[in-house]
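Take a look at the structure set out below.
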Amino acid sequence: MTDHSNILKASFHTLGCKLNFSETSAIATQLARRGIMRASAEDTPDIVVVNTCSVTEVADKKGRSLIRRLRSRWPDATLVVTGCYAQLKPQEVAGIEGVDMVLGNDEKLKIDRFLNEWEKDRRNRVEVHDYLDIREFQGACERGDRTRYWLKVQDGCDYFCTYCTIPFARGRSRSGSIASLVEDARKAAYAGGKEIVLTGVNVGCFGKDTGEDFLELLKRLDDVEGIVRYRISSIEPNLLTEDIIRWMAEESRAFMPSFHIPLQSGSDEVLRLMNRRYRTDLFSDRINMIRSIIPHAFIGVDIIVGARGETDEEWEKSYCYAKSLPVSRFHVFPYSERPGTKALGIDHQVSQEEKHARVGMLTKLSDQKLREFSRGYFGTCRPVLWEHPDSHEEGVMYGHTDNYLRVRAKASPSLYNTITPALLSSFYNADPETLQAIIE
Ligand code: SF4
């Protein structure tokens, strides 16, 4: 920490998932309580916090280069590295020149205590618990980008998919209590929040450790006055039950018609090799149920491409299956080998070149699906939450419809964080993922 005569400032840098982003905000809030303010772009921070991701090799690499960049930019700041990369490879992170403190995922939200100790002895430290000892749920409900709040309802995972290191990075599944999460939502509403996204590693596992029920959580959150939109960041298909879908369709006030569901492969054999808890028949069942009772729902689907075992034949099956799905878009991820995972024992490997070609095919398919889905709403009116003004063009606002279509319209900035009906007219030329709208 460079300057003790002034207020200390911290800058925060996050890689990876929504959960990480919500936890970074929780760290910032914790430091603010201690009088350490968030550094602005012009400030020289006294503390730099890097919240890393380790979902792929590329994520680790990005983490390393970000740490190095930040260290050379601010040579005198206290540099704290946390997150999944820090949890999984603490010594590697500690070995990067200039890293002062490495905190595991369990220590992340105890940064306050470690900074106190650092102030006393200025001793570099690596504070990382073994993942088997990570048991405590540490909540986070924070304003994310713009108008949304991220409410962490669950952490960790018990599934052990063969390609995934998350259970080793975040520990076993654990949940917040319904009472405390409802209280967090109330506070967010009191602070002006309109939309809350429920985050976690395996959100649908909520309550398995506490005996509480996920649908009950949704119902209680739905009753919180002031919050007009909820979304679930992502939910495993086997945990998205018919009861949940029906409740969202028929009774919910504020849970929006948008879903994000991981498929990971459209080949049953690859799903088996991945140790996923469902097969394509169950996945189709859930998608068809959503489409039949919430026809206008946005359905985003994650797929990993080029996993071990994805032979040409299995890829063909996977692609055809993906093509047949009545979904709105795919989020395509090239498979990445992770040291220590069971997947490394699977024989067939897909070459980088082939993986690249498959990613291209699915991305193209996703673009088609999105255009097709979006086009279906031309000429219709939908409620839009206005989230931010255009940074270049005055009098233009951006937002999302209830069913997660991104729109832009000529609008006054005073509409920020309000919901108005808007007539969707066409694709926006400069960005085909955005629709032009007219406020009625
Ligand atoms: S469900 Fe599977 S892929 Fe998702 S976090 Fe758990 S182990 Fe990883």
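Only residues that are under 13 Å from Val80 (Cα atoms) and either more than 30 Å from the chain's Cα centre (by Cα) or hydrophobic (A, V, I, L, M, F, W, C) (or both) were counted across segment 120-134, and they come to 5. Restricting the search to segment 75-110, which residues are free of Cβ contacts under 8 Å to residues at least 40 places away in the same chain and aliphatic (A, V, I, L, M)? Residues satisfying the conditions are Leu79, Val80, Val81, Ala94, Ile96, Val99, Met101, Val102, Leu103. Would a scan of segment 78-97 turn up a residue that is buried (at least 20 other Cβ atoms within 10 Å of the Cβ), closer than 17 Å to Ile47 by Cα and at pLDDT below 95? No. Does any residue of segment 131-153 turn out to be in a helix (DSSP H, G or I), within 16 Å of the ligand (Cβ to nearest atom) and within 25 Å of Glu57 (Cβ to Cβ)? Yes. Checking each residue in segment 194-238 for being in contact with a helix residue (DSSP H, G or I) (Cβ under 7 Å, 6 or more places away or on another chain), in a loop (DSSP other than H, G, I, E, B), more than 16 Å from the ligand (Cβ to nearest atom) and of a type outside the set (Gly, Ala, Ser) picks out Glu212, Val224, Glu225, Ile227.
Screening Ser366 against (1) in contact (Cβ under 8 Å) with a residue 60 or more places away in the chain; (2) polar (S, T, N, Q); (3) outside any loop (DSSP other than H, G, I, E, B) leaves a single unmet condition, (1). Scanning segment 428-438 for residues that are in contact (Cβ under 8 Å) with a residue 24 or more places away in the chain and surrounded by fewer than 16 Cβ atoms within 10 Å (Cβ to Cβ) yields Pro432, Glu433, Ile438.
Quick check on segment 166-177: of everything there that is buried (at least 21 other Cβ atoms within 10 Å of the Cβ) and either within 13 Å of the ligand (Cβ to nearest atom) or of a type outside the set (Gly, Ala, Ser) (or both), which residue is farthest from Asn275 (Cα to Cα)? Of everything passing the filter in segment 166-177, Arg174 is farthest from Asn275 (Cα to Cα).
If you check Glu353, Glu310, Glu314 for being more than 22 Å from Glu440 (Cβ to Cβ) and surrounded by fewer than 18 Cβ atoms within 10 Å (Cβ to Cβ), only one passes: Glu353. Beta carbons closer than 6 Å, at least 6 apart along the sequence or on distinct chains, pair a first residue in segment 222-238 that is assigned by TED's automatic domain parsing to the domain that holds His331 with a second that is part of a strand (DSSP E or B) and small (Gly, Ala, Ser) for Arg231/Ser258.
Would you check if Asn116 is in the same structural domain as Val81 (by TED's automatic domain parsing) and surrounded by 22 or more Cβ atoms within 10 Å (Cβ to Cβ)? The answer is no for Asn116.
The residue that is nearest to the chain's Cα centre (by Cα), counting only those in segment 370-413 that are among the hydroxyl-bearing types (Ser, Thr, Tyr) and at pLDDT 95 or above, is Tyr404.
For first residues located in segment 277-304 and under 18 Å from Leu239 (Cβ atoms) and assigned by TED's automatic domain parsing to the domain that holds Cys205, partners that are part of a helix (DSSP H, G or I) and among the hydroxyl-bearing types (Ser, Thr, Tyr) and lie 6+ apart or on another chain with Cβ distances below 6 Å form the pairs Thr280/Tyr321.
Within segment 276-324, being within 16 Å of the ligand (Cβ to nearest atom), in contact with a Pro (Cβ under 9 Å, 6 or more places away or on another chain) and of a type in the set (Lys, Arg) holds for Arg276, Arg277, Arg286. Residues in segment 322-342 that are in a helix (DSSP H, G or I) and either surrounded by 20 or more Cβ atoms within 10 Å (Cβ to Cβ) or of a type in the set (Phe, Trp, Tyr) (or both): Ala322 only.
The values are calculated or read from the model by the stated rules, or taken from the named source; none is laboratory data. Small disclaimer: the values here were computed from a predicted structure and weren't measured. Cβ coordinates were reconstructed from backbone atoms using ideal geometry, including for glycine residues, and neighbour counts include every protein chain displayed.
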